[in-house]
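See structure below.
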Amino acid sequence: MDKLMEINGIINGFVWGPPMLILLVGTGIYLSLRTNFFSLRKLGYILRNTLMKMFSKDHEGEGEVTAFQAVATALAATVGTGNIAGVATAIAIGGPGAILWMWVAAIFGMTTKFAEVVLSVQFREKTSDGRFVGGPMYYITNGLNMKWLANIFAFFGALAAFGIGNMVQSNSIAQSLEVTFGINKLAIGIVLAIFAAMVIVGGIKRIGSVTEKLVPLMAAFYILGGLLIIIINAKHIPEAFGLIFSNAFTGTAALGGFVGSTIKQAMRYGVARGVFTNEAGLGSAPIAHAAATTDHPVRQGLWGVFEVFMDTIVICSITALTILTTEVWKSGETGAALTTQAFSHGLPGTWGGTIVSIGILLFAFSTILGWEYYGERCAEYLFGSKVNIIYRILWIPFIVVGAIGGLEVLWNLADTLNGLMAIPNLIGVFALSGVVIKLTKEFFAKEDALGNR
């Protein structure tokens, strides 16, 4: 077992290390150049057609769920503990400058996620029972005729989900609620498993119905709490942005409990946390978007841009600014403890800690729902639809196992598999980038002709 963990550590160091981060961001840069930085040029158009139409039920085309239900499911899986703990870790180790590199990764990641979603809808399939299935395994198979590579992605995805999307999330919830409210971890795990089972038994339609209500609620709850703290500490906002931009290129000297950082650390941890939180390039979110009702792949692709924007540019930035404006980033704390300290420092009494605990509960529970769907679709691709009910049944007890902190070896293996998902996905996205460009030009030529700019 020790030897296995040693090997896993080496592989993990690669898949979450500089080479993979360069590949992920590099793909985003390549796609951004090929689309003439469309995600920035058209950001106003994108937000008008996503954020401003969030709750619209008027959708043309085929699909199982609305466009927003699809993105809500993707956001449910994407917006997780990384937005609370991951950003804090980036600042604690990489310094305030890490946030600038997190934003850079997100800007290019918006185009990567756009391309993934476009391909997912373009190459999706309709099953005999009327469901729409898609994702990297389908665009690799149908677009590149490389079923063996698609099988590798699906294998990694089906197993990785049990770690990053299940046990890690339930453990984060259990730890947070135990510390804040003194609730027993086993009891938390059982309750989480029951509520998760009630949702996932209904498949994507039930998951989409729940997440379209849960995601706006949890985002608004956390964002409003964070904005209140930032407003209270408004005099420190210019200093916070000054730290972010200056430290990104100079590093940060050690202060108090803070270990100090170099430019390399700021860049690495900023990019890594950005990629980890928005999952651009990993190939997970396109699986949910494939079920969306839409008349054109690019129209759904706009929601992919919105997804990264909301996850990283909005929610992660809220976390970062609460930590920097309350000036607790030099305390020596890291992870969720640092974010909790910032909220507790910024709001009176126990309100701050309560907001973070409830935020972790909602963020992580939604991730459990979203990633179950991802893992199930990967398993279905490999073994057929009969495996779906088996996968759901297996999913439930692992929530309890994660809550009590069991099978940490599995977490580590799943973390590696999660990173390995990116390799076959990026091959598919890169090789099919011409399809993305063609569809994008076709879509906007039609929109321009209609005067929809």
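The values are calculated or read from the model by the stated rules, or taken from the named source; none is laboratory data. Only a predicted model underlies this, so the values are computations on that prediction, with no experimental measurement involved. Cβ atoms come from the backbone with ideal geometry, glycine included; neighbour counts cover every protein chain shown. Ligands, DNA and RNA are stripped out before the accessible areas are found, and what is left, the full protein with its side chains, is counted by its heavy atoms. Shrake-Rupley method; radii C 1.70, N 1.55, O 1.52, S 1.80 Å.
Residues in region 153-194 that are among the hydroxyl-bearing types (S, T, Y) and open to solvent by 10 Å² or more (accessible area, probe 1.4 Å) were compared, and the one that is farthest from G402 (Cα to Cα) is T180. Please verify whether region 96-118 includes one or more residues that are open to solvent by 10 Å² or more (accessible area, probe 1.4 Å) and more than 19 Å from G28 (Cα to Cα). No; the residues of region 96-118 include none that is open to solvent by 10 Å² or more (accessible area, probe 1.4 Å) and more than 19 Å from G28 (Cα to Cα). F123 meets the conditions (1) among the aromatic types (F, W, Y); (2) open to solvent by 30 Å² or more (accessible area, probe 1.4 Å); (3) at pLDDT below 95 in every case but one. The failed one is (3). Please go through region 377-398 and give me each residue that is more than 25 Å from I11 (Cα to Cα) and under 19 Å from the mean Cα position of the chain (by Cα), ordered by number. Selection gives R377 alone.
Scanning region 77-100 for residues that are in a loop (DSSP other than H, G, I, E, B) and either under 17 Å from A336 (Cβ atoms) or out of contact with any helix residue (DSSP H, G or I) (no Cβ under 9 Å at 6 or more places or on another chain) (or both) yields a total of 2. Of the set (1) free of Cβ contacts under 8 Å to residues at least 24 places away in the same chain; (2) touching a Lys or Arg at 6+ places or on another chain (Cβ under 7 Å), all apply to R48 but (2). Restricting the first member to region 28-40 and to residues that are within 21 Å of I427 (Cα to Cα) and among the hydrophobic types (A, V, I, L, M, F, W, C), and the second to residues that are part of a helix (DSSP H, G or I) and open to solvent by less than 70 Å² (accessible area, probe 1.4 Å), the beta-carbon pairs closer than 7 Å and six or more apart or on different chains are I29/F108; L31/T111; L31/T112; L31/A115; L31/S433. Of the residues making up region 207-228, those that are open to solvent by 40 Å² or more (accessible area, probe 1.4 Å), modelled with pLDDT of 90 or more and either in contact with a helix residue (DSSP H, G or I) (Cβ under 8 Å, 6 or more places away or on another chain) or within 29 Å of G130 (Cβ to Cβ) (or both) are L227, L228. Set side by side, the residues E408, E380 differ, and just one is modelled with pLDDT of 90 or more and at negative phi, which is E380. The residues in region 7-32 that are of a type in the set (F, W, Y) and modelled with pLDDT under 90 can be counted, and the count is 2. Within region 1-48, the residues that satisfy the criterion of being closer than 20 Å to F309 by Cβ, of a type in the set (F, W, Y) and open to solvent by less than 40 Å² (accessible area, probe 1.4 Å) are F38, Y45.
Looking only at region 279-316, count every residue that is under 24 Å from Q341 (Cα atoms) and either open to solvent by less than 10 Å² (accessible area, probe 1.4 Å) or in contact with a His (Cβ under 6 Å, 6 or more places away or on another chain) (or both) and tell me the total. Residues in region 279-316 being under 24 Å from Q341 (Cα atoms) and either open to solvent by less than 10 Å² (accessible area, probe 1.4 Å) or in contact with a His (Cβ under 6 Å, 6 or more places away or on another chain) (or both): 4 in total. On the stretch given as region 15-27, residues that are without any contact (Cβ under 8 Å) to a residue 24 or more places away in the chain and assigned to a helix (DSSP H, G or I) total 3.
Let's see how each residue does on (1) more than 13 Å from A288 (Cα to Cα); (2) part of a loop (DSSP other than H, G, I, E, B); (3) aromatic (F, W, Y):
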site: A70; (1), (2), (3): no, no, no
site: L75; (1), (2), (3): no, no, no
site: M102; (1), (2), (3): yes, no, no
site: S128; (1), (2), (3): yes, yes, no
site: A150; (1), (2), (3): yes, no, no
site: F155; (1), (2), (3): yes, no, yes
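Pairs meeting the criteria (first residue in region 301-329 and under 15 Å from A105 (Cβ atoms) and touching a residue at least 12 places away in the same chain (Cβ under 8 Å), second residue surrounded by 23 or more Cβ atoms within 10 Å (Cβ to Cβ) and of a type in the set (G, A, S), beta carbons under 6 Å, at least 6 apart or on different chains) are V305/S39; E307/A74; V308/A106; V308/G109; V308/A280; T312/A106; T312/G274; I313/A106. If the condition is being of a type in the set (V, I, T) and open to solvent by 40 Å² or more (accessible area, probe 1.4 Å), then region 338-362 contributes T340, T350, I358. Condition check: among the small types (G, A, S) and either surrounded by fewer than 24 Cβ atoms within 10 Å (Cβ to Cβ) or without any contact (Cβ under 8 Å) to a residue 24 or more places away in the chain (or both). Does G335 satisfy that? Answer is yes for this residue. Against the criterion of being open to solvent by 10 Å² or more (accessible area, probe 1.4 Å), under 30 Å from Y139 (Cβ atoms) and polar (S, T, N, Q), N388 qualifies. Within region 107-126, the set of residues being part of a helix (DSSP H, G or I) and of a type outside the set (V, I, T) comprises F108, G109, M110, K113, F114, A115, E116, L119, S120, Q122. Looking only at region 335-367, residues that are over 25 Å from F162 (Cα atoms) and among the hydroxyl-bearing types (S, T, Y) come to 5 in all.
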